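Here's the structure, in structure tokens; my notes come after.
The values are calculated or read from the model by the stated rules, or taken from the named source; none is laboratory data. All of these numbers come straight from a predicted model, not from anything done at the bench. Reconstructed Cβ throughout: ideal geometry from the backbone, glycine too, with neighbour counts over all protein chains shown.
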Amino acid sequence: MIITSKLKRPYFLYPLIFAASALIILSRRPDALLNPQFWAEDGKIWYADAYNHGVIYSLFTPEAGYFQTLSRLVGIISQAFQLEYGPLIFNLIAVVIQTIVVGFIVSGRLSSLIPRFRWRLLIAFVYLALPHSWEINTNITNSQWHLGLLSFLIIAAEPGKTLFWRIFDVSVIIISVVSGPLCLLLFPIAALKYWHRREKWLIPFLGILLFGGIVQTIALLTNARPTQAELGAGIGLFFKISFRHIFLSSIVGQGGFHQLMEYLNWNVIFIILVNLFGAFLVGYTLLKSRLELRLFILFSILIFAASLASPAVTPVDNQWEAMASHNTALRYWFIPGLCLIVSLLYLASSNGASAFVRYPAIAVLAILPFGIIKDWSNPKFADLHFSHYAEEFEKAPPGSEVAIPINPNWEMKLVKKD
């Protein structure tokens, strides 16, 4: 990539980018704003625990075997508002987190890695419009994945030179390490960058990541994970999972995947060819790109491996079979899918890439708009009339337990206070 001259951008540009990002996010799931409802743990755990048990219990109680402080904090913050507005507060904060990631991508912090501003804008758009990713949009439960991506970007970027950026970086890394187990995967990434570059500014982050990794490991070892079915691992299922969730649906979307399977019916030769082709392009990028993109690929591989080794998908069927056969656990494929597209963009735009990889990368990227369009609209949540139940809860006598249905076929139980 050719480094362009650094032009001072208009002061109003970044607010416009933030506003456009929020509009894009909400256009994919407008009911998050027009008919806000709790999603899964957002209501059942984060809000209910904060209401029923208070701040201390919420902050110091692991869930699913590890600490999830970001989600807990949002549950605590939402207590300042009436129950009726709880889902809206959750959704809006989730949108803000996603727009912050966009702001970092387009900022000058990544200009040494991606010199052209328009390329950073394109990657930010792909991040927002990524096919096969509806599960991680506009909900707090899965915001830890956005936070994990942002933490990686901070490690990969140039160091912040202002007080604002230093406070921002430390704050994000600290909240990230106590909001999910991704710190266990980020530590070796940061350690590898330090080993290669000897950048002293990484040392405090290594310390924070190490501390967070120890805390989360202790939590995982001393707290039970949700009961899940047998793993059911197998080589055939492995290739089906990577074929479906990483190399195909990330490009053609869920809609495009189903259309292809109507004609191909899980053709074994096609599955093998797609896996080989995708692995070749990513492997070539891993060998030829600069350190930061190699670390992104490695980070994605670690996420994929951890997701296969310890998934939380279903208590009924074999988990690998469920992942291979259904559009499930999309949170696990979000960062690897984004990494695949960034790798393709690198190959398509790099003057150093040979024609035999550049043109195939361009050809695959030409299909991406189809996948984006097919998957643009996220599945609409079932209207469970949350506002009606919130009104009934306000009328309930003190001490009574009220069960409120929430998506996806869960319920939130609140004990009415005096």
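Of the residues 207, 236, 213, 255, which is within 18 Å of residue 311 (Cα to Cα), surrounded by fewer than 21 Cβ atoms within 10 Å (Cβ to Cβ) and either free of Cβ contacts under 8 Å to residues at least 40 places away in the same chain or in contact with an Asp or Glu (Cβ under 9 Å, 6 or more places away or on another chain) (or both)? Spell out the reasoning first.
On the way: 207 fails: within 18 Å of residue 311 (Cα to Cα); 213 fails: within 18 Å of residue 311 (Cα to Cα); 255 fails: within 18 Å of residue 311 (Cα to Cα).
After applying the criteria, what remains is 236.
Name the residues in the range 360-373 that are of a type outside the set (A, V, I, L, M, F, W, C) and either touching a Leu at 6+ places or on another chain (Cβ under 8 Å) or modelled with pLDDT under 95 (or both), would you?
360
Could you list, in sequence order, all residues of the range 67-85 that are part of a helix (DSSP H, G or I) and either of a type in the set (A, V, I, L, M, F, W, C) or at positive phi (or both)?
Residues satisfying the conditions are 70, 73, 74, 76, 77, 80, 83.
Please count how many residues of the range 251-299 are part of a helix (DSSP H, G or I) and within 30 Å of residue 154 (Cβ to Cβ).
21
For a quick check of your reading of the model, give me the residue pairs whose first member lies in the range 339-360 and is more than 27 Å from residue 303 (Cβ to Cβ) and outside any helix (DSSP H, G or I), whose second is modelled with pLDDT under 90 and not small (Gly, Ala, Ser), with beta-carbon atoms closer than 9 Å and at least 6 apart or on different chains.
351/1; 351/2
Pairs under 9 Å by beta carbon, first residue under 17 Å from residue 96 (Cα atoms) in the range 116-136, partner among the acidic types (Asp, Glu), six or more apart or different chains?
Partner pairs satisfying both residue conditions: 129/375; 134/375.
Filter the range 374-417 for residues that are out of contact with any strand residue (DSSP E or B) (no Cβ under 8 Å at 6 or more places or on another chain), assigned to a loop (DSSP other than H, G, I, E, B) and under 15 Å from residue 36 (Cβ atoms); which is modelled with the lowest pLDDT?
Across the range 374-417, the extreme among qualifying residues is 380.
Give the residue, chosen from 62, 36, that is in the same structural domain as residue 175 (by TED's automatic domain parsing) and touching a Pro at 6+ places or on another chain (Cβ under 6 Å).
Answer to the selection: 36.
Could you check the range 300-321 and list, in sequence order, the residues that are part of a helix (DSSP H, G or I) and surrounded by fewer than 19 Cβ atoms within 10 Å (Cβ to Cβ)? Talk me through it step by step, then tell me what you get.
In the first step, residues of the range 300-321 are kept if they are part of a helix (DSSP H, G or I); the result is 300-309, 319-321.
Answer for the range 300-321, where residues must be part of a helix (DSSP H, G or I) and surrounded by fewer than 19 Cβ atoms within 10 Å (Cβ to Cβ): 301, 302, 305, 306, 308, 309.
A quick yes/no check of all residues on (1) farther than 21 Å from residue 213 by Cα; (2) surrounded by fewer than 22 Cβ atoms within 10 Å (Cβ to Cβ); (3) in contact (Cβ under 8 Å) with a residue 40 or more places away in the chain:
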{"residue": "138", "(1), (2), (3)": "yes, no, yes"}
{"residue": "144", "(1), (2), (3)": "no, no, yes"}
{"residue": "151", "(1), (2), (3)": "no, no, no"}
{"residue": "158", "(1), (2), (3)": "yes, yes, yes"}
{"residue": "161", "(1), (2), (3)": "yes, yes, no"}
{"residue": "165", "(1), (2), (3)": "yes, yes, yes"}
{"residue": "170", "(1), (2), (3)": "no, yes, no"}
{"residue": "174", "(1), (2), (3)": "no, yes, no"}
{"residue": "177", "(1), (2), (3)": "no, no, no"}
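Given the condition within 26 Å of residue 227 (Cα to Cα), assigned by TED's automatic domain parsing to the domain that holds residue 159 and surrounded by 22 or more Cβ atoms within 10 Å (Cβ to Cβ), answer yes or no: does some residue in the range 75-95 qualify?
Checked against the condition, which is being within 26 Å of residue 227 (Cα to Cα), assigned by TED's automatic domain parsing to the domain that holds residue 159 and surrounded by 22 or more Cβ atoms within 10 Å (Cβ to Cβ), the range 75-95 yields at least one hit.
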